[in-house]
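This report refers to the structure that appears directly beneath it.
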Amino acid sequence: KLATEFPSEDILLVTASPVIKAVTNFKQVSKTLEEFDVEEQPSSLLEKRYPNIKVIQSGVKQLKSDEHKIVTEDGKEYMYEKLCLCAGAKPKLIFEGNPYVLGIRDTDSAQAFQKNLAQAERIAVVGNGGIALELVYEIQGCEVIWAIKDKAIGNTFFDAGAAEFLIPKLSAENRETPIECKRTKYTVQGTEEKERPTAASDKPGSALGPDWHEGLHLKGTKEFSHKVHIEMLCEVKNIHSQQEFVQLHQTALAFPKGEGNAEPDEVLWPVYVELTNGKIYGCNFIVSATGVVPNIEPFLAGNNFAVGEDGGLKVDKHMHTSLPDVYAAGDICTAAWEHSPVWHQMRLWTQARQMGWYAAKCMAADTLGESIDMDFSFELFAHVTKFFNYKVVVLGKYNAQGLGSDHELMLRCTKGQEYVKVVMQNGRMVGAVLIGETDLEETFENLILNQMDLSAYGEDLLNPDIDIEDYFD
């Protein structure tokens, strides 16, 4: 966006990664919903397309904001007129520095995970967001103990009802073949031959695209397809090595076979996970998929940034941080302006793309001394993704975020086919979750945006015999 706004200016992209993430197959599904793939490409492609962009492959060691310059890890210095920080977020590991705990956020960590899984008979997955959901669904031939702190799976995206709708998919023996993934994947050349150091998790990689598990062979050693046991309402209390576990004189549990109590486990495992509900399970390794924290560390020293409660750099409605000429966008920032009542920040690819595009517009407007309106994409929270092979659309305050008890829910569910939930407040629609091919996203998006009073329709709003999109067209 910057390159097109300023074709004669030099634009530097400083990145620690040898590949860049490009948005491909972009589709505007509706006014605020967009679908796209994220693809890794060699940075030379970007430089070819925009002659005024130069990609510098190096991490940033220091930002000297008062001097308007950044120092890269190879000791070089670069001056800037305007700077936008888009350094994303890093995985929140449950235990730092434990070789049996793997965090998954970027392509390198996904490859390390795949390698470990090939020898695994049982793993523990901790976390309840998008990556944990996908993982548990995709893994075959390996027992999975899934520890979640909520009382329903996929809490970031769903409520308990949607979770109930999805759960049967976890135990389904014959999995549908996933729709063929139509995008090329670039990996860093030469990395296949060189063994990567396993503990390189502190090195920033680029975040995974929405279909990151495609093309990874996620299969353990066992012959069955699916064995998932969910431990709800608990977190990891401790992680014990085999030796520590033996000295504990505690009993670990075997993989639960049914509803009854789990038997003691006779096998000795490389690592043991102790949960806050008192249960201990042995496994080959533990996957930490417990979300991300904004990656602000490299930029803090000597700079007086205002930082949000969630650890991001605070930005105003023009993506400006608290320092002159420094902007931030994507996972690294905290949207500190007054939000629209049906928008909230969530560290997702869609918002990263929108914020990046809008930040470039703001940088251009500031430079040219023009005024600029808030971008329309911040009017309504809208995200489309896929879980368990279902299309999933979430709109507005889809989980009644911040509404307290002042709301009501309407549901429609056809087992194995679709799940529709609408969040209503004072007769107006403020959020929705759509799972399956419902074709309701555009209608609901409009109803949320124009805040029409729907009390007269009552339950008929979700009546399957009424063609609601036709009605409101």
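For this structure, a couple of remarks:
- Strands (runs of 3 or more DSSP E) wholly inside region 39-105 containing at least 3 residues that are under 30 Å from SER288 (Cβ atoms) and touching a residue at least 60 places away in the same chain (Cβ under 8 Å): 60-64, 89-91, 101-103
- For region 240-256, residues that are in a loop (DSSP other than H, G, I, E, B) and under 32 Å from the mean Cα position of the chain (by Cα) total 3.
- Check on SER206, modelled with pLDDT under 75 and crowded, with 16+ Cβ neighbours inside 10 Å: yes
- Taken over region 433-449, residues that are among the charged types (D, E, K, R) and either outside any loop (DSSP other than H, G, I, E, B) or in contact with a Pro (Cβ under 7 Å, 6 or more places away or on another chain) (or both) amount to 3.
- Enumeration of residues in region 266-315 that are farther than 30 Å from GLN62 by Cβ and either of a type in the set (Phe, Trp, Tyr) or touching a helix residue (DSSP H, G or I) at 6+ places or on another chain (Cβ under 8 Å) (or both): LEU268, TRP269, PRO270, VAL271, TYR272, ILE280, TYR281, GLY282, ASN284, PHE285, VAL287, ALA289
- Criterion: farther than 30 Å from MET319 by Cβ, outside any strand (DSSP E or B), of a type in the set (S, T, N, Q) and not assigned by the TED database to the domain that holds ASP211 - qualifying residue of SER405, SER371: SER405
- Of the residues making up region 16-38, those that are in contact (Cβ under 8 Å) with a residue 12 or more places away in the chain, assigned to a strand (DSSP E or B) and open to solvent by 30 Å² or more (accessible area, probe 1.4 Å) are LYS21, VAL23, ASN25, GLU35, ASP37.
- When every residue of region 435-448 is checked against the conditions, at least one turns out to be within 20 Å of HIS344 (Cα to Cα) and open to solvent by 70 Å² or more (accessible area, probe 1.4 Å).
- Segments classed as strands (runs of 3 or more DSSP E), wholly inside region 310-355, with at least 2 members that are touching a residue at least 60 places away in the same chain (Cβ under 8 Å) and crowded, with 20+ Cβ neighbours inside 10 Å: 326-328
- Scanning region 25-46 for residues that are under 24 Å from GLU77 (Cα atoms) and either modelled with pLDDT of 95 or more or aliphatic (A, V, I, L, M) (or both) returns a single hit, LEU46.
- Hey, ALA382 in contact (Cβ under 8 Å) with a residue 12 or more places away in the chain, of a type outside the set (Phe, Trp, Tyr) and open to solvent by less than 10 Å² (accessible area, probe 1.4 Å) or not: no
- Scanning region 257-276 for residues that are open to solvent by less than 90 Å² (accessible area, probe 1.4 Å), part of a loop (DSSP other than H, G, I, E, B) and within 24 Å of PRO99 (Cα to Cα) yields ASP265, VAL267, TRP269, PRO270, THR276.
- Condition met for LEU85 (open to solvent by less than 50 Å² (accessible area, probe 1.4 Å) and touching an Asp or Glu at 6+ places or on another chain (Cβ under 7 Å)): no
- Unique match (being more than 28 Å from LYS222 (Cβ to Cβ) and buried (at least 19 other Cβ atoms within 10 Å of the Cβ)) among PHE285, PHE245, PHE299: PHE299
- Hits in region 135-160 (condition: in a helix (DSSP H, G or I) and touching a Phe, Trp or Tyr at 6+ places or on another chain (Cβ under 7 Å)): VAL136, TYR137
The values are calculated or read from the model by the stated rules, or taken from the named source; none is laboratory data. Since the structure is predicted, the reported quantities are computational estimates derived from the model, not experimental observations. Quick reminder, even Gly has a Cβ in these numbers, built from the backbone with ideal geometry, and neighbours come from all protein chains shown. Protein only, heavy atoms only, side chains kept; ligands, DNA and RNA dropped before computing areas. Shrake-Rupley method; radii C 1.70, N 1.55, O 1.52, S 1.80 Å.
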